[in-house]
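In what follows, a structure is listed as structure tokens, so that the remarks can point back to it.
Read-outs throughout are calculated quantities, based only on the coordinates presented, and are distinct from any laboratory measurement. Keep in mind that this is a model prediction, so the values were computed, not measured. Reconstructed Cβ throughout: ideal geometry from the backbone, glycine too, with neighbour counts over all protein chains shown.
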Amino acid sequence: MESIIFFILAFFLLSGAIMIVFSKESLYSAIGFLMVMIAMAGMFALLHHSFLFLAQILVGVGAVVVLSIMIILSINLKEENQPKQNITRKNILFTTLIIAPIAGLLLYAIAKAPFAFAPIAQHFGTIETMGKVLFTHWVLPFEIVSILLLGAMVGAIVLSRRRLHVES
Amino acid sequence: MDALIIETVVKAIVVLLVISALAGFGTYLERKVLAFMQRRLGPMHVGPFGLLQILADGIKLFTKEDIVPQHANRLIFMVAPAITAATAFIALAAIPLFPEFTIFGYTIRPIIADLNVGILFVLGAMASGLYGPLLAGMAQANKWGIIGSARTAILFLSYEVVTGLSILAPIMIVGSLSLIDFNNAQAGGVSDWMVWKQPVAFVLFLIAGFAETNRTPFDLLEHEAEVISGYATEYSGMRWGMFFIGEYANMITVAFLASLVFFGGFNPIGFIPGFLAIILKVSFFFFLMLWVRASWPHVRPDQLMWLCWKVLMPIAILNILITGIVLL
């Protein structure tokens, strides 16, 4: 049963990822992104990690993809307005060279991973355990990330305000 | 394991059919209630009290020609209404509809999926519902549709924040995200209801719920006078009907959430048994939505954003802060 669900999710995840890269129309790419996000949420749910599942649904599906679709909507992306990018042999070679180290690292990590997993603990992935771990063991990185987000927010507000000022 | 799957499938089909039927009945109720509030009679001619109007409308929707505009993005245009309806029903999956009951010696728990994070799941699934109007508006080659979908994205993204923050304070008091725990925490009768402890959170949740279900003070997505029908301009027949079913299912979901979180859920009140109590509460909230529609005009888009970010969100954060200090 679990493996059937896993393969269905994996199918949607991979086809969504392929759709992002290969579709000419940006709206289809956004829908591919949406498929990837939902399939990832399903993967988390399959791993019994209810907190990450919900975070993925609420943040990934509910906000991130919406904003990217919003951008496509507001700048009116059309196929004929996009630069022509042909797939030439030179492009393929160059991309392969860039991707090779990352792919090697991934392969190495997968090969090294222990594939005998212990059964999950009783309260694995619930919000209580996540909260306890975040606010005890990882409290410093957590706070640093929140300061980073605050900085990004203030920066975005300042940038958008400045442009309004110039126009008026 | 197999019994569980069969039971879940049966429950899902029952909920799907009953809520779809209720959505049809909801349109009739809406027309009647609005009519009586405006000193009209509403649907009168088809059947007794106009009751067969639902059937007539259904036949009309099913047999109407399904038009896809020439320059529309065919695939997305056709899929978008299904997204609205599907997410509305997925949100209902985690809601405990009634107390446990026994049929033929077999105990049934009327909840499709008993998640320990039920309340966030419902909010998340309802929030994903915005893809229906958003993609529908973008796929049809129509400027009203584009305006409608831009409004959808802004409205849903903003009011999601208020819904989440307003419901956080009750979550802090109960200490659980399971809707069944919420229900059990208010088992001690009317004085135990969450609304007495968190009146501010309730008002905020209700306002944000009206916005999330696209009801009248905030129904800017399909405001007739400004954007024709917004995202639904080019839709006809059953595709348009699916948007409608999704909207009514969302109304029922919000009514269930409000009664489960703030008004004691399906606990019996005095001599009223639990299942009747929750039906009465949900009907009251449904009626409240129609009542507000008859009483209030629409808001402007800038007023909508002002209300969300400068009024509701600060109040919600203050409410959480005060709740936290009191709990400590």
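Per-residue Cβ counts within 10 Å, from other chains only, averaged over B:129-136: what number is that? Please list the in-between numbers first.
Values: counts 1, 4, 7, 0, 0, 5, 6, 0.
Counting other chains' Cβ atoms within 10 Å and averaging over B:129-136 gives 3.
When Cβ neighbours within 10 Å are restricted to other protein chains, what is their mean count per residue of peptide A:51-63? Before the final figure, lay out the partial values.
Details: counts 3, 0, 5, 8, 2, 1, 7, 9, 1, 0, 7, 13, 5.
Mean partner shielding for this stretch: 5.
Counting other C-beta atoms within 10 Å, and keeping those with at most 12, which DSSP coil GluC sites (Glu not before Pro) do you find in region B:1-84?
B:E65
Net charge near B:L304: determine it from the other residues with C-beta under 12 Å of the C-beta of B:L304, scoring Lys and Arg +1 and Asp and Glu -1. Provide the component values of the computation, followed by the final result.
Working: positive: B:R151, B:R300, B:K310; negative: B:D219, B:D302.
Charge balance near B:L304 sits at +1.
Mean residue ellipticity at 222 nm from the helices of the protein assembly as shown, using -39,500 (n - 2.57) per DSSP H segment of n ≥ 4 over the full residue count, to the nearest 500 deg cm²/dmol? Can you show the working numbers first?
Working: 21 runs with 337 residues, N = 496.
Calculated from helices alone, the mean residue ellipticity at 222 nm is -22500 deg cm²/dmol.
What nm value, rounded to one decimal, do you get for the distance between A:K90 and A:L149 when each label is placed 7 Å out toward the C-beta?
Roughly 4.4 nm, to one decimal.
What distance in nm separates the two pseudo spin-label positions at B:F284 and A:R161, each 7 Å out from Cα along the beta-carbon direction?
For the pair B:F284/A:R161, the computed spacing is 4.6 nm.
So, with +1 on the Cβ of K and R and -1 on the Cβ of D and E, and no other charges, what is the size of the charge dipole of the protein assembly as shown about its Cα centre, to the nearest 20 debye?
Values: 28 positive and 26 negative charges, 175 e Å.
Here the protein assembly as shown has a charge dipole of around 840 debye.
Enter the Cα centre distance for the pair region B:104-148 and region B:152-222, rounded to the nearest angstrom.
About 16 Å separates the Cα centre of region B:104-148 from the one of region B:152-222.
Taking 8 Å as the Cα distance limit and 6 or more residues as the minimum spacing, I'd like the relative contact order of chain B as a percentage.
Details: 483 pairs, mean separation 74.9, N = 328.
Here the relative contact order equals 23 percent.
Points 7 angstrom from Cα along the Cβ direction at B:L16 and A:K112: gap in nanometres?
4.7 nm
Taking the alpha-carbon distance from A:K24 and a cut-off under 28 Å, which lysines remain once sequence neighbours fewer than 8 residues away in the same chain are dropped?
Straight-distance partners of A:K24: A:K78, A:K84, A:K90, B:K143.
Provide the FRET efficiency to the nearest 0.05 for the A:F124-A:F6 pair, computing r from the beta carbons and using R0 = 25 Å. Before the final figure, lay out the partial values.
Numbers: r = 18 Å, r/R0 = 0.72.
Plugging the Cβ-Cβ distance into 1/(1 + (r/R0)^6) gives 0.90.
Using a Gaussian network model of chain A whose springs link C-alpha atoms within less than 10 Å, name the residue from A:K132, A:K112, A:K24 with the highest mean-square fluctuation.
Sorting by GNM fluctuation, first place goes to A:K112.
Pulled fully out, how much extra length does the chain show between B:R40 and B:D114, if you take 0.36 nm times their separation in residues and subtract their Cα-Cα distance? All intermediate terms of the calculation are to be shown ahead of the outcome.
Numbers: separation 74, 0.36 × 74 = 26.64 nm, distance 4.42 nm.
Result for the pair: 22.2 nm of gain on full extension.
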